[in-house]
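The next block holds one structure in the form of structure tokens; read it before the comments.
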Amino acid sequence: MAAAKTHCGASFSLDAYHVSEEFGFILPDPLDELPPYYQPWMDVALRIPELVHARELRARVNKMPLLSSEFLQKHRELRLAHLALSMVTMGYVWQEGEGGTVEMLPCNLAVPYWEVSQRLGLPPILTHADGVLANWRKKDPEGPFNMENLELLVRLPGGDSVQGFFLVTLLVELAGAPAVASIPRVIDGVQRGDAEAVARALEDISQSIQDMTDALKMMQVYVEPSVFYGIMRIYLSGWKDNPCMPRGLIYEGVHAEPLQYSGGSAAQSSLLHCFDELLGIRHETQNGDFLSRMRNYMPPAHKRLIQDLSAQPPLQEFARRQADGQLNRALQLCAAKLLAFRSYHINVVGRFISVPAARARQLRQQRRGAGEDAVSRAPAALEERGTGGSGVMTFLKSVRDQTKQAFLPEAGKDVE
């Protein structure tokens, strides 16, 4: 947007990108009800875990009326509709596991889902913007924004671990909000040649990234790895780069040919994309292509913010010209905190994917019964792959290494 590229730093407004200083990329105060006309959608969406468990979700969806999306007028109505239809779609596709997928989404679900997706600029599949950013409410509206006072609007199978997974991720996003709010201060300081102002803003961003890491540590408290790997993960998986659905999914009444979309992924969070663009961190071709594709799974305004940040004067070049000790230390600290976050994320993925995957292979080799535990029932085709379709550990380690190479060879020892 033109306002982001002007030489008047004050005009770089987060409001133009539907981003708030308090909530960052989180949708403030999501609706929890749609107009009564859409009650058939909500009746199914609010019962997804039990309907999937009873193997009745597909039958219920097939009986739903074909509803028009025209009565959804407000942005928050569209976001709740997209969340509900996304969750229902994931349950519909994966109800019978990896061996019982469907080739076609019925038109009474596919057509309105496509219409809502087009109006929002989101793909017709569950995204980070749905499951995390728009899927929360406070139990006590006046109470704190914490695990004890939050609950999901719509759930997938997996019990308390589902709630823990989405809400911890939400709190990571909330912890990153002050960093996003500091970005205009960085841009303004660079445009005015104020090294001290840029340094202070970067110090605030560093603290915010540290808070994100601390929030992510709650994942091991609220999510059971065997439940995430064995039950939840398949419902987050898409139909692109997925051996279970190599052709994709036909959206009946929309396209005659199958369409392919990636499943939900942390790479769909706008936070780290913003940090990379601000700090000038570039990722190698394969990783860069995947990350670039993940931007198409973000709300368009958030994607524009990332693109406009990439058009700003390079921050590292500004720091070199200024040759200011405080600024250089702040820049290195910021990169070090981002590196630490990515390293801890690798630790989490190892705990929730790699270790259970090894356990699943061991159980299969021992020919243990499928009822052994949740891990043994996990889809074999998804081992060591992220729900977005990437080879998850290879991808994350490469992204971490690119972060390290961009900044820390010169002053890494000082930062440590």
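The values are calculated or read from the model by the stated rules, or taken from the named source; none is laboratory data. Everything numeric in this text was worked out from a predicted model, so none of it was measured. Here the Cβ is made from the backbone with ideal geometry for all residues, glycine too, and neighbour counts use every protein chain on show.
Couple of notes before you dig in:
- Yes/no for ALA201 being surrounded by 22 or more Cβ atoms within 10 Å (Cβ to Cβ), modelled with pLDDT of 95 or more and either more than 22 Å from ASP15 (Cα to Cα) or among the aliphatic types (A, V, I, L, M) (or both): yes
- Selected residue (only one of GLN307, GLN286 is under 30 Å from THR127 (Cα atoms) and under 19 Å from the mean Cα position of the chain (by Cα)): GLN307
- Apart from one condition, PHE145 fits all of (1) under 27 Å from CYS334 (Cα atoms); (2) under 13 Å from the mean Cα position of the chain (by Cα); (3) assigned to a loop (DSSP other than H, G, I, E, B); the exception is (2).
- When MET147 is tested against the conditions (1) in contact with a His (Cβ under 9 Å, 6 or more places away or on another chain); (2) surrounded by fewer than 19 Cβ atoms within 10 Å (Cβ to Cβ), the lone failure is (1).
- Evaluation of TYR261 against the conditions (1) assigned to a helix (DSSP H, G or I); (2) within 15 Å of the chain's Cα centre (by Cα); (3) of a type outside the set (A, V, I, L, M) shows that the sole unmet condition is (1).
- Pairs with Cβ under 6 Å, 6+ apart, first in region 158-170 and over 16 Å from MET90 (Cα atoms) and at pLDDT 95 or above, second among the hydroxyl-bearing types (Ser, Thr, Tyr) and surrounded by fewer than 23 Cβ atoms within 10 Å (Cβ to Cβ): GLY164/TYR222; VAL168/TYR222
- Which listed residue, of ARG47, ARG55, is on the phi > 0 side of the Ramachandran plot and basic (Lys, Arg): ARG55
- Boolean, ASP276 is more than 25 Å from ALA340 (Cβ to Cβ), out of contact with any helix residue (DSSP H, G or I) (no Cβ under 6 Å at 6 or more places or on another chain) and assigned to a helix (DSSP H, G or I): no
- Residue that is farthest from SER343 (Cα to Cα) [pool: residues in region 214-233 that are buried (at least 19 other Cβ atoms within 10 Å of the Cβ) and β-branched (Val, Ile, Thr)]: ILE231
- Conditions (1) in a helix (DSSP H, G or I); (2) surrounded by fewer than 20 Cβ atoms within 10 Å (Cβ to Cβ); (3) among the β-branched types (Val, Ile, Thr); number of the one not met by VAL116: (2)
- Residue list for region 295-333, filter: at pLDDT 95 or above and either outside any helix (DSSP H, G or I) or closer than 18 Å to LEU216 by Cα (or both): MET298, PRO299
- All of GLY121, GLY97, GLY131, GLY91 fail the test of being at pLDDT below 95 and under 26 Å from GLN260 (Cβ atoms), apart from GLY97.
- Matching residues, region 227-283, being small (Gly, Ala, Ser) and without any contact (Cβ under 8 Å) to a residue 24 or more places away in the chain: GLY248, ALA256
- Helices (runs of 4 or more DSSP H) fully within region 27-105 counting 3 or more residues that are charged (D, E, K, R): 75-94
A quick yes/no check of all residues on (1) within 28 Å of ILE26 (Cβ to Cβ); (2) of a type outside the set (Gly, Ala, Ser); (3) in contact with a helix residue (DSSP H, G or I) (Cβ under 6 Å, 6 or more places away or on another chain); (4) surrounded by fewer than 16 Cβ atoms within 10 Å (Cβ to Cβ):
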residue: TYR251; (1), (2), (3), (4): no, yes, yes, no
residue: HIS255; (1), (2), (3), (4): no, yes, no, yes
residue: PRO258; (1), (2), (3), (4): no, yes, no, yes
residue: SER270; (1), (2), (3), (4): yes, no, yes, no
residue: GLY280; (1), (2), (3), (4): yes, no, yes, no
residue: LEU305; (1), (2), (3), (4): yes, yes, yes, no
